[in-house]
Structures are given as structure tokens and as C-alpha cells.
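Contents: one structure, followed by commentary.
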Amino acid sequence: MSQGTLYVMEVSPRSAILVDLIKFFKLDVEVTADTKSAAFLKKFPLGKTPAFVGPKGFKLTETIAIAVYLLSLAPEQKLLGKNNQENASILKYLSLINQEGVNSWCGAFFRLNGRFPYNKKEVDDNLKTLNTIGQLFEDRLAEFTYLVGERISYADLFAAKVFSAALFTLLGQPFLTKFPNFARWFKTVSNNAFFQGQYKNFQAPKEQLAFVPPKKEKKEQPKKEEQPKKKEAAAAPADEPAAAPKPKHPLEALGKPKAPLDEWKRVYSNEETRETAIPWFWENQYNPEEWSLWKVDYKYNDELTLTFMSNNLVGGFFNRLSASTKYMFGCMVVYGENNNNGITGAFLVRGQDYAPAFDVAPDWESYAFTKLDATKDEDKKFINNMFAWDEPVDVNGEKREIADGKVFK
């Protein structure tokens with residue numbers, strides 16, 4: 001009889017550690033990432049993961065509670081302490097990492113990688129919290145091998161899982177250098193048999209992640225002698241001049257298309273993609289006189305690392321394109337695997353030029369744009385696949401599986 005179903009967010013350490021636990025103890029628990037269905041939301045109205053459904057409809061949320069229950073299904077485990085004091089101390093560390101640790105990592109990382117708007121104070125505050133946790137660990141581990149007791153516990157495993165993500169994406173080697181006892185502990189725990197070799201070749205980046213302002217075009221300033229001279233003793237106007245009207249989007253000049261995007265976006269969101277939405281697109285939406293199709297490729301794929309970070313990069317790009325929502329629709333996917341992935345996609349754009357739609361985003365020049373011809377089978381197949389995400393991407397003759405993606409609508 002099945003011991004239950006675990007619902008996860010695949011890129012979250014809060015979920016991933018539970019999957020590790022299920023695999024290591026060979027529990028009969030199904031793992032699924034199907035968290036958007038009506039059935040899931042009926043069970044868990046908040047839509048949060050991880051979530052667990054056990055026998056007779058028993059339901060749990062929150063990663064610590066689920067871990068304690070799953071460990072109760074593994075009678076040979078010794079990860080929750082040998083007495084009440086050790087058990088309470090383990091829960092203390094789990095709560096610390098789950099709250100302050102994960103939230104501070106995400107709070108800094110997502111503001112540095114473009115997913116959230118950059119705010120220096122918030123980044124600094126979150127980094128300060130992570131360093132405080134690092135010092136707490138450093139002091140404890142100066143005299144002990146593990147966080148609680150004389151043997152490894154679930155506190156060590158959960159903390160190592162979270163810090164593996166924080167080190168790889170944000171903190172880097174400087175954090176390990178600053179806290180040598182922490183570094184020794186992390187190497188010991190991450191190489192434990194529990195993780196089944198996941199971190200065998202783990203390497204933290206040499207530098208801590210830093211904010212890189214979006215590139216802006218430099219506008220030529222008029223030469224000094226060409227600058228208009230100030231009028232001397234100009235009379236003050238009787239009334240303040242009216243505020244200048246907000247400039248219209250340049251694509252506004254093209255007028256309203258015969259087929260606005262709203263209906264297409266509704267169909268795409270609510271109908272089966274291959275069976276209904278894509279045929280509807282070609283029959284009702286795409287008019288080559290009013291719209292153009294573009295392949296969009298990230299220029300710096302060799303700099304990409306984890307697939308979820310690449311997907312977050314796409315999300316940040318889409319956020320900065322919001323001023324052009326009315327004038328285009330598109331999908332971008334991340335293909336490949338961690339440390340060997342790329343970003344590509346297809347867009348429908350109002351008019352025949354891509355620049356007016358994309359240059360609202362400061363980082364638009366980080367992407368290459370190639371016009372597509374829907375009369376060519378190869379181009380049409382690419383567009384369909386970018387909308388459906390159900391077939392591998394052809395990259396220089398090699399088939400690469402799609403790992404993730406986002407829709408701009």
C-alpha cells in the first residue's frame with residue numbers, strides 16, 4: 001500500500017530534501033510537481049509546496065512537519081535525536097534555516113539576479129542575516145562535528161541542502177573562507193551517503209554574487225558651444241506649465257490590429273495548446289501584414305549555470321518588458337541541464353521590427369533576434385514547439401530537452 005504522495009516545487013531545497021529522504025529510505029511515496037491542478041488546489045487552497053497526502057486523506061504542509069512524518073515511516077533512522085533535548089535542538093536549527101536562512105538567501109539572490117527589483121538595503125540586510133547564521137554555525141562547529149549531538153542529524157542534512165543552493169548562487173567561496181569550521185562541516189555533510197553523490201564535484205563560485213546595473217545606451221551630449229544659452233532675467237510665468245503628456249509607446253502609431261492579442265492570450269491560457277490553441281493562432285491571430293515572428297536567443301549561454309537561475313533570468317527580462325505587453329506575445333524556454341543550458345524562444349510582435357517592442361527592457365541587447373518565416377516548415381515547427389514546450393529543442397543539430405520556461409502575455 002502506498003505511503004502517500006508528496007507535491008514539490010522541483011527547484012526548492014525545502015522540497016528537494018524531502019525527495020532525498022524518500023529515496024534514501026526507499027519509502028513508497030509518490031513524488032509529483034503537479035501543483036496547478038484543481039485537484040491539488042482543492043486539497044491545499046494556499047497552493048504552497050511542499051505538501052503531502054497520506055493514507056485515508058491525511059494531509060500535511062510545511063517542510064519540517066512533512067520531514068518528521070516521513071522519518072517516522074523509516075524505523076531505522078536516527079536523524080531526530082536520541083532524547084528530548086536533542087530533538088528540540090534539531091527542531092531549533094530546522095526552524096532557523098527554514099525561516100531566516102531560506103528567506104534571506106532568496107531575499108538577496110532574487111534582487112541581485114533580476115527576479116525582484118534591486119534594493120541595496122534589503123540585499124545588505126539579508127546578507128547580514130546569512131553571515132550571522134554562518135557565525136552561529138562557526139562557533140558551534142569549533143568544538144563539535146555536527147550541529148546536534150555526536151552524530152549527523154536531519155538538522156545537518158537540511159542546513160547543508162539549503163546552504164548548497166545559497167553557496168552556489170549567492171555566497172560563493174568567500175563565505176567558506178570566512179567560516180572555515182562551517183566549510184569543514186559542509187564538506188563532511190554534503191558527502192554523506194544520504195545525498196548519494198549529489199555534491200561529489202561541488203564547487204562554490206570564486207566571488208559572491210554582486211549587483212550588475214542594466215546597461216544603458218549612452219546618449220551624446222551636445223557640444224558645449226552648441227548648448228543653448230540661458231536667458232537672462234527671464235520673466236517668471238504667471239502659471240506653472242502643464243505637465244508634459246506621457247509619451248505613447250512607439251507601436252501605438254500602427255493603430256489597432258484587426259485581431260488584438262487579448263483573445264489569443266485567453267485561448268492560449270484556457271485551451272489545450274497543441275490541439276486547440278496553436279491551430280487557433282494560425283487561423284485567427286497571425287496576420288503577416290500586421291504582425292511579425294521572431295526567434296529570440298540569449299547571447300551568453302556559456303555563462304549560465306543552474307537551470308532554475310536561467311529561468312529566473314528570463315522572468316526578470318519579462319518583467320522589464322511589461323511596457324510592451326499590449327504589443328507582443330511570446331514564450332522562452334531553458335533547454336539542457338545544470339551547468340550546460342541555454343535560452344531560446346519565439347515572439348509574435350506588432351509590426352515588422354522587433355526593436356520598438358523590446359527596447360523598453362534595459363537588457364534587451366543581451367538577446368539576439370532572428371526574423372522567422374511562417375511559410376517555412378522549419379520556422380513554423382519551431383514556433384509551435386516554443387508555444388507548446390513538448391518536444392526537444394534543436395540546437396546546432398543536437399536535440400536538447402526543455403527544462404523550464406516562461407510565457408510573456
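The values are calculated or read from the model by the stated rules, or taken from the named source; none is laboratory data. Note that the structure is a prediction, hence the values are computed from the model and not measured. Don't worry about glycine lacking a Cβ; one is built from the backbone with ideal geometry, like all the others, and counts go over all protein chains shown. The accessibility values were calculated without ligands, DNA or RNA, using every heavy atom of the protein model including side chains. Shrake-Rupley method; radii C 1.70, N 1.55, O 1.52, S 1.80 Å.
Only one residue of L157, A183, V123 has its Cα farthest out toward the positive end of the dipole of the stretch 84-191, where Lys and Arg carry +1 and Asp and Glu -1 on Cβ, and that residue is V123.
Let me have the 222 nm mean residue ellipticity of the chain computed from DSSP H runs of 4+ only, each contributing -39500 (n - 2.57), with the sum over all residues rounded to the nearest 500.
Here the helix-only value at 222 nm equals -11000 deg cm²/dmol.
In the elastic network of the chain, a GNM with C-alpha springs shorter than 10 Å, the most mobile of F182, F281, F168 is F281. Distances between every pair of Cα atoms in the chain, grouped in 20 Å steps from 0 to the bin holding the largest one, split as 21, 46, 26, 6, 0 percent. Of the beta bridges in the stretch 4-73, as assigned by DSSP with both residues counted there, near 60 percent are antiparallel. Per atom type, the chain shows carbon and sulfur on 51% of its accessible surface, probed at 1.4 Å. Comparing P260, P75, P356 in a Gaussian network model of the chain where C-alpha atoms under 10 Å apart are linked, the largest mean-square fluctuation is found at P75.
Solvent-accessible surface of the chain, averaged per residue with a 1.4 angstrom probe and all protein chains in place: 57 square angstrom.
Only Lys, Arg, Asp and Glu carry charge here, each on its Cβ (+1 for the first two, -1 for the last two); on that basis the chain has a dipole of about 900 debye about its Cα centre. Working value for the stretch 20-177: equivalent-ellipsoid semi-axes of 28, 24, 12 Å, each the square root of 5 times a Cα gyration tensor eigenvalue, largest first. With semi-axes defined as the square roots of five times the eigenvalues of the C-alpha gyration tensor, the equivalent ellipsoid of the stretch 251-408 measures 24, 18, 14 Å, largest first. Two numbers describe the Cα atoms of the stretch 84-191: Rg and Dmax, which are 13.9, 44 Å.
Using a 1.4 Å probe and counting only protein heavy atoms, arrange E100, E10 so the residue with the most accessible area comes first.
Solvent-accessible surface, decreasing: E10, E100.
Here is the link list: K381/K406; K36/K371; K299/K406. Which ones come out longer than 27 Å on Cα distance? Beyond 27 Å: K36/K371. Contact order, relative form, for the chain: 12 percent (alpha carbon pairs under 8 Å, 6 or more residues apart, mean separation divided by residue count). Placing +1 on each Lys and Arg Cβ and -1 on each Asp and Glu Cβ, with no other charges, gives the stretch 251-408 a dipole about its Cα centre of roughly 400 debye.
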